[in-house]
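Taking it in order: structure first as structure tokens, then the write-up.
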Amino acid sequence: MSFQAYLTTIKAKTGKDAADFRKLAEEKCFTKNGELTAKAGDITNWLKADFELGHGHAMAIYALLKGIKNESSQ
């Protein structure tokens, strides 16, 4: 599955896109000024608990957040 396919599936399941997850991560202090401040486990645990995402999909969001300064809004 491509990275974009992960994001498409996540949006279909949660109704949230990349920009929404960036905003939520900032609100939860997982990022600060666009810089990732949390570990992968913290991010994946949050996404699994709050959005019922599987590990692979949660890791896709982690990757998105990790590259937050280099990613365009999707």
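The values are calculated or read from the model by the stated rules, or taken from the named source; none is laboratory data. Just so it is clear, the structure is predicted and the values come from calculations on it, not from any experiment. Reconstructed Cβ throughout: ideal geometry from the backbone, glycine too, with neighbour counts over all protein chains shown. Just so you know, the surface numbers come from the protein's heavy atoms only, side chains and all, with ligands and any DNA or RNA stripped out. Shrake-Rupley method; radii C 1.70, N 1.55, O 1.52, S 1.80 Å.
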> Hey, Lys48 hits all of (1) in contact (Cβ under 8 Å) with a residue 24 or more places away in the chain; (2) open to solvent by 40 Å² or more (accessible area, probe 1.4 Å); (3) in a helix (DSSP H, G or I); (4) not aliphatic (A, V, I, L, M) but one; which does it fall short on?
Replying inline: (1)
> For the subset of region 26-42 comprising residues that are farther than 10 Å from Leu65 by Cβ and of a type in the set (Asp, Glu), which member is surrounded by the fewest Cβ atoms within 10 Å (Cβ to Cβ)?
Replying inline: Glu27
> Out of region 1-39, which residues are part of a helix (DSSP H, G or I) and more than 10 Å from the chain's Cα centre (by Cα)?
Replying inline: Phe3, Gln4, Ala5, Tyr6, Thr8, Thr9, Lys11, Ala12, Lys13, Thr14, Glu26, Glu27
